[in-house]
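Novice: Pasting a structure below so you can have a look.
The values are calculated or read from the model by the stated rules, or taken from the named source; none is laboratory data. Note that this is a predicted model, so its numbers are computed, not measured. Neighbour counts are summed over all protein chains in view; Cβ atoms, including those assigned to glycine, are modelled from backbone coordinates with ideal geometry. Areas reflect the complete protein model, heavy atoms only, side chains present, ligands, DNA and RNA absent. Shrake-Rupley method; radii C 1.70, N 1.55, O 1.52, S 1.80 Å.
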Amino acid sequence: RTVVFDAGSLGRNDSGREILLPFIRHERLPMPSVVAVSHANADHFNALPALVDSGGAGEVYINDYFGRVGDPASGPEALDLMAQFARRGSHVRRLTPGEVIALDERTNVEVLWPPPGRPDMEVNESSLVFRIRCDGQTVLLPGDISEVAQAALTAQPEKIRADVLVLPHHGNWRATLPAFVAAVAPKVVVVSSPDRPAATVKGGKAAEQFYGSLPNKYRYYLTCMNGYIRVRFGHGDVTVTTRR
């Protein structure tokens, strides 16, 4: 079974047909029956229209804000995708914290964020945050959460602790980021970005020290350097392989 959590790009006009579908065919994976979209930024979902056209995405998980008519956080791309889901007959489910989704007998997904009823929330802060548990190992997918969500989740470290962490918002600096990563306490850190995350003027010395420490503290992988990153779970361990 194949499940997709976010799929898109700012660097490709049709990342679904150019990247996602060829990858699925190359790896001989079943067509994804389930997709989850963390939030309404197109680089997290603009590969999905091609997937829907190819018969995938029968079940869809989104947050409480994605694709609602009149919501300023949902642009035309999100509304178009919602219309495509409706035409396809996809079952769309809006998730809230505390829900647990069983993907199979070995794998479940815990929903940690965002809280409902916050129409004032900035779109990145509204990202769905998932902790996926498989064979006793965990991975945290935080979307593009920023200071508000990072601080709130850091205050509940037992909920976010994970073996693998994808850095939020492509590794972009926030003053809350070091404490957030420390609370997760991962073994493996992955960054999905076309560039190495780097300190900004605003981040200063604290950001320089944080990014400089990542390769020393964790098994550290970047898509801009390592390309495709595969994380496998089982037998009480996490293994990582890369391929360009």
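Novice: Going through the stretch 145-160 one residue at a time, which ones are more than 16 Å from residue 111 (Cβ to Cβ) and out of contact with any Leu (no Cβ under 8 Å at 6 or more places or on another chain)?
Specialist: Looking only at the stretch 145-160, we keep the residues that are more than 16 Å from residue 111 (Cβ to Cβ), and these are 146-148, 150-151, 154-155, 157.
Hits for the stretch 145-160 are 146, 147, 148, 151, 154, 155, 157.
Novice: Considering only the stretch 9-105, give the strands (runs of 3 or more DSSP E) lying wholly within it that have at least 3 residues that are open to solvent by less than 10 Å² (accessible area, probe 1.4 Å).
Specialist: Qualifying strands (runs of 3 or more DSSP E): 34-36.
Novice: Find all pairs meeting these conditions: Cβ atoms under 6 angstrom apart; at least six residues apart or on different chains; first residue within the stretch 5-18 and closer than 23 Å to residue 141 by Cα; second residue aromatic (Phe, Trp, Tyr).
Specialist: 8/45
Novice: Taking residue 140 and the conditions (1) more than 14 Å from the chain's Cα centre (by Cα); (2) at pLDDT 95 or above, which numbered condition does it fall short on, given that it satisfies the others?
Specialist: Here residue 140 clears every test but (1).
Novice: Now a separate question. As an exercise: evaluate residue 109 against (1) surrounded by fewer than 21 Cβ atoms within 10 Å (Cβ to Cβ); (2) modelled with pLDDT of 95 or more; (3) under 30 Å from residue 244 (Cβ atoms); (4) in contact with a Lys or Arg (Cβ under 8 Å, 6 or more places away or on another chain) and give the number of the one condition it does not meet.
Specialist: For residue 109, the exception is condition (1).
Novice: Considering only residues of the stretch 232-242 that are open to solvent by 40 Å² or more (accessible area, probe 1.4 Å) and assigned to a strand (DSSP E or B), which is modelled with the lowest pLDDT? Steps first, answer last, please.
Specialist: Of all residues in the stretch 232-242, those open to solvent by 40 Å² or more (accessible area, probe 1.4 Å) come to 232-233, 235-237, 239, 241-242.
In the following step, the residues that additionally are assigned to a strand (DSSP E or B) were identified as 232-233, 237, 239, 241-242.
Working: 232: 92, 233: 87, 237: 84, 239: 93, 241: 96, 242: 96.
The qualifying residue modelled with the lowest pLDDT is 237.
Novice: Kindly indicate which of 239, 154, 176 is of a type in the set (Ser, Thr, Tyr) and in contact with a Phe, Trp or Tyr (Cβ under 7 Å, 6 or more places away or on another chain).
Specialist: After ruling out the rest, the residue left standing is 154.
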